[in-house]
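Enquirer: Structure below; questions to follow.
The values are calculated or read from the model by the stated rules, or taken from the named source; none is laboratory data. Everything quoted here is computed from the prediction, not taken from an experiment. Note that we place each Cβ from the backbone using ideal geometry, even for glycine, and neighbour counts take in every protein chain shown. Ligands, DNA and RNA are stripped out before the accessible areas are found, and what is left, the full protein with its side chains, is counted by its heavy atoms. Shrake-Rupley method; radii C 1.70, N 1.55, O 1.52, S 1.80 Å.
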Amino acid sequence: MALSLCFSPPFSYTNDRPRIPFKKYIISTRPKMSRQRQTVNCVKENSQNLPAAVDQVKPRWEEWLSTAASLYPVYVTVGGIVACLRPSTFSWFVNAGPTSYSLALGFIMLSMGLTLELKDLFNLFLQRPLSILFGCAAQYTIMPAFGVLVSKSLGLPPSISVGLILLACCPGGTASNVVTLIAQGDVPLSVVMTLCTTLGAVVLTPFLTMILAGTYVPVDAIKLSISTLQVVVAPILLGSYLQSKFPRAVKMVTPFAPLLAVLTSSLLACSVFSENVVRLGSSMVGMSVSSDLSLFHRAQAILTSEYGAIVISVLLLHSAGFLVGYLAAAFGGFGEPQRRAISIEVGMQNSSLGVVLATAHFASPLVALPPAMSAVIMNIMGSTLGFFWRYIDPSDSKTSLEATDKS
């Protein structure tokens, strides 16, 4: 999802004396059948980049599509409830796996490539390398470390530990861009971090997983790397190529891409969740209906079951990512918008990639369960944090903008 922000200060300063800049109005007349529609845009007289200053009004149907795409946490939560109540709803997609999982993730990444302008993002990287490199380093150090720490602290079974570590080693998810926008964070930083960590996942995700999870089960880093290249990087590059070669055709499809990617990601996560919910649900029901246990002991038995262990471990992992990511950015001297962007980017993973790699390269179906559960839990946590920050204005926005310019 590519978002471009344009800020225009209300005053210009020359020789330490504020002056109100003279503005001229550009009136563009667009004929439309029997009537004319006028759009008035206000720009500076000395503006050097006139096209960037002129705001283009989006059609109402595009705004509806953007709003629908921002409801990703709602889709995945509703899908998770349906998977619990009626797992057979997703059987058509599960039975076609893992091929259907790989194709779904490839489509998501292709949609991402169609909406990203790599040239503009590369220019932004050159302008702000410090904050971007810091965020990427935080992504691949904080989460993998806490993945190992949480799995060892809770004494998780080997299959669940591998799934949690694999999830922790995945790159940032595209949903983080929407949550950063809601939280009044640095959206361009979030978008570039998502792209950089996704491209770096070809090497970092497989080898970090091999190093950290190799003590539980054998991990083939080369095969993981090839799969990541096929289902993540190649579709992104293909989307960018199509955008540059066929701009008119891509422009017609682009408004629909984010919504289709969001729906496909929800389908992918809920399908894997439904695949395991029957067995987990039967074990929970067996413990809850036992007449020998009190209400407290029933709840304790559920929390100590495989299902409870997965939920608790995923909650702890993402909570640590949000908190430590924010603190690391604060200690790094970044402004409040950058802290929020890095916190959200570190805390929200590409759970779809974790699901695809787990189903394609590991025998136990439990390995895919932490990434599938993460798709539900992570988005609820991230959206809650985003709406909390939405009502708290960044206190040092001026300082953060100056720091961003310097970096």
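Enquirer: Provide THR89, THR359 ordered by accessible surface of protein heavy atoms (probe 1.4 Å), highest first.
Expert: THR89, THR359
Enquirer: Next question, about the same structure. Hey, what's the range 61-393 come to in accessible area per residue, 1.4 Å probe, Å²?
Expert: 42 Å²
Enquirer: Order the peptides 195-207, 234-246 from the highest to the lowest mean number of other Cβ atoms within 10 Å of their residues.
Expert: 195-207, 234-246
Enquirer: By average Cβ neighbour count within 10 Å, what is the ranking of 155-165, 320-330, 262-272 from highest down?
Expert: 262-272, 155-165, 320-330
Enquirer: Let me ask something additional. Given an 8 Å cut-off on Cα distances and at least 6 residues of separation, report the relative contact order of the range 61-393 as a percent.
Expert: Normalised by residue count, the contact order of the range 61-393 is 34 percent.
Enquirer: I need the phi-derived Karplus couplings for the range 253-259: 6.51 cos²θ - 1.76 cosθ + 1.60, θ = phi - 60°, integer Hz, Gly and Pro marked x.
Expert: Coupling constants for the range 253-259: 8, 3, x, 8, 4, x, 5 Hz.
Enquirer: With a 1.4 Å probe and all protein chains in place, put ARG60, ARG390, ARG340, ARG248 in order of accessible area, largest first.
Expert: ARG248, ARG60, ARG390, ARG340
Enquirer: Which peptide among 115-124, 310-319, 145-154, 348-357 comes first, and what is the full order, when sorted by highest mean count of other Cβ atoms within 10 Å?
Expert: Peptide ranking by packing, descending: 348-357, 310-319, 145-154, 115-124.
Enquirer: Under 5 Å between amide hydrogens, which residues at least 5 positions from GLN349 or on another chain qualify, with H placed 1.01 Å from N in the peptide plane?
Expert: For GLN349, the qualifying residues are GLY173.
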